[in-house]
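The next block holds one structure in the form of structure tokens; read it before the comments.
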Amino acid sequence: MTTLNNLQNENEVLISLQDVYKIYQTGETEVHALDGVSLEVRRGEFVAIVGASGSGKSTCMNIIGCLDVPTSGSYHLAGQDVLTMNDTQKAKLRNKTLGFIFQQYNLIPKLNLCENVELAMLYAGMPAAERRKRSLQLLEQVGLADKAANVPSQLSGGQQQRVAIARALAGEPAVILADEPTGALDSQTGREVLGYLQLLNREGRTVVLITHDNSIARQAERIVRLEDGKIVYDGLPDGDEAAVQ
């Protein structure tokens, strides 16, 4: 797979959340989805953010992905202050820096695999011939070049997730943000998809994995566990407090 050219600064902080709160008002009740979260992720790390339902991990993912903004605190992505940006600037930074992988794949049903992978490059203004060439290269890397003309419904769930991985790599992002990427798959296929993420990480990608599955989370190098909107553990995957209860 693609190897990043700028791996020399391995200590670079790519994701920095400082004292982040996300507060929702429900009637007269304040709900603290995130309650003073501070988190740094450095280039080349493989981090799993874990927690039970309602822990705040999805809110954390949305803020990291520039899909939501905190009520207070600061967020820097690749050295840039996200909270000072307008929507267009955030979209440009998101498309340049982040590659997304979702539980339900989010492929376009009417487009073939090559066209699905091309979509991000189309938004970036890449010429058609270059888009097609890179799309086929990425599909080859995930073992699906022979199915480039197929539509998503003709593939298994694991194959669709591999297309989603190829699509996430289209813009050569510094960070892969994977939201429950194995959640809709059987255990064997899930392990295969996780293997692709581990390979990407070995080749230099920073991977942030959102999951509630302890067995998946333990494959990361570092676990950050959220509970009631707070970080209650940040350390090695074999730590006593790493597992979701």
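Listing for the model above:
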| quantity | calculated |
| --- | --- |
| Average accessible area per residue (Å²) across the chain - probe 1.4 Å, nucleic acids and ligands excluded | 48 |
| Fully extended contour minus Cα-Cα distance, from His32 to Asp19, at 0.36 nm per residue | 3.4 nm |
| For region 12-24, Karplus couplings with θ = phi - 60° (6.51, -1.76, 1.60), whole Hz, Gly/Pro x | 4, 7, 8, 10, 9, 9, 10, 6, 8, 10, 10, 10, 10 |
| Label-point separation in nm, Ala145 to Asn86, each point 7 Å along Cα→Cβ | 4.3 |
| Amide H within-cut-off set for Ile101, under 5 Å, with H built and near neighbours excluded | Leu177, Ala178, Asp179 |
| Whole-Hz couplings from phi, Karplus 6.51/-1.76/1.60, listed for region 215-223; x for Gly and Pro | 5, 6, 4, 5, 7, 7, 8, 8, 10 |
| Estimated vicinal HN-Hα couplings, Hz - region 49-65 in sequence order (Karplus 6.51, -1.76, 1.60; Gly, Pro = x) | 9, 10, x, 6, 4, x, 6, x, 5, 5, 4, 4, 4, 5, 6, 4, x |
| Apportionment of accessible area to carbon and sulfur, the chain, percent (1.4 Å) | 46 |
| Among the listed pairs Lys57/Lys96; Lys110/Lys133; Lys57/Lys90; Lys57/Lys147, those beyond 29 Å (Cα-Cα) | Lys57/Lys147 |
| Helix-only mean residue ellipticity at 222 nm for the chain, each DSSP H run of n ≥ 4 adding -39500 (n - 2.57), per residue, nearest 500 | -9500 deg cm²/dmol |
| Under 5 Å, built H, 5+ apart or other chain: amide partners of Gly36 | Val20, Tyr21, Lys22 |
| In region 141-245, the GluC sites (Glu not before Pro) that fall in loop regions by DSSP, at most 15 other Cβ within 10 Å | Glu203, Glu221, Glu241 |
| In nm, spacing of pseudo-spin labels at Leu93 and Glu241 (7 Å Cα→C-beta vector) | 3.0 |
| Mean separation of Cα contacts under 8 Å, 6 or more apart, over the residue count of the chain: relative contact order % | 28 |
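The values are calculated or read from the model by the stated rules, or taken from the named source; none is laboratory data. Keep in mind that this is a model prediction, so the values were computed, not measured. Heads up, the Cβs are rebuilt from the backbone with ideal geometry, glycines too, and the neighbour counts pull from every protein chain shown. Keep in mind that these areas ignore ligands, DNA and RNA; they rest on the heavy atoms of the full protein, side chains included. Shrake-Rupley method; radii C 1.70, N 1.55, O 1.52, S 1.80 Å.
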